[in-house]
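Data first, discussion second: the structure below is written as structure tokens.
The values are calculated or read from the model by the stated rules, or taken from the named source; none is laboratory data. Just so it is clear, the structure is predicted and the values come from calculations on it, not from any experiment. Note that each Cβ is placed from the backbone with ideal geometry, even for glycine, and that neighbours are counted across all protein chains shown. With ligands, DNA and RNA removed, areas are computed over all heavy atoms of the protein, side chains included. Shrake-Rupley method; radii C 1.70, N 1.55, O 1.52, S 1.80 Å.
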Amino acid sequence: MMFADLVDVEDFRVCMRELGVDLPADGSPEQWARIVRAAQPVDGLPMVIEGLCASDVTLQPEVRRAVELIIAD
């Protein structure tokens with residue numbers, strides 16, 4: 001996967017686009033999470049989220065917030 005050390009907003013958007021979910025470049029983490037959750041089920045999303053939450057991955061604050069909101073119930 002493309003998760004090296006730092007996942008920025010563009011990396012996150014590309015990841016979601018590869019899963020078939022387009023996120024607006026000027027969107028907020030809250031908006032991105034709503035879009036991703038509304039698109040459920042998204043094949044591959046659990047694996048991507050798992051990768052984003054790995055201990056060796058650093059997320060930009062906006063990406064971290066979006067991921068937290070995506071996995072929140």
Q) Which numbered condition trips up residue 64, out of (1) open to solvent by less than 40 Å² (accessible area, probe 1.4 Å); (2) at pLDDT 95 or above? A) (1)
Q: Determine, yes or no, whether residue 5 is surrounded by fewer than 15 Cβ atoms within 10 Å (Cβ to Cβ) and either within 9 Å of the chain's Cα centre (by Cα) or within 14 Å of residue 64 (Cα to Cα) (or both).
A: yes
Q. Quick one: is residue 50 under 20 Å from residue 5 (Cβ atoms), modelled with pLDDT under 95 and in a helix (DSSP H, G or I)?
A. yes
**Q.** Test: residue in region 20-27 that is in a helix (DSSP H, G or I) and either out of contact with any strand residue (DSSP E or B) (no Cβ under 8 Å at 6 or more places or on another chain) or exposed (fewer than 14 other Cβ atoms within 10 Å of the Cβ) (or both)
**A.** no
Q) Name the pairs: first residue in region 53-67 and farther than 11 Å from residue 11 by Cβ and of a type in the set (A, V, I, L, M), second residue open to solvent by less than 60 Å² (accessible area, probe 1.4 Å) and assigned to a strand (DSSP E or B), Cβ to Cβ under 7 Å, at least 6 apart or on different chains? A) 67/59
Q) Only one of (1) open to solvent by less than 100 Å² (accessible area, probe 1.4 Å); (2) in a helix (DSSP H, G or I); (3) of a type outside the set (Gly, Ala, Ser) is not met by residue 42, so which one is it? A) (2)
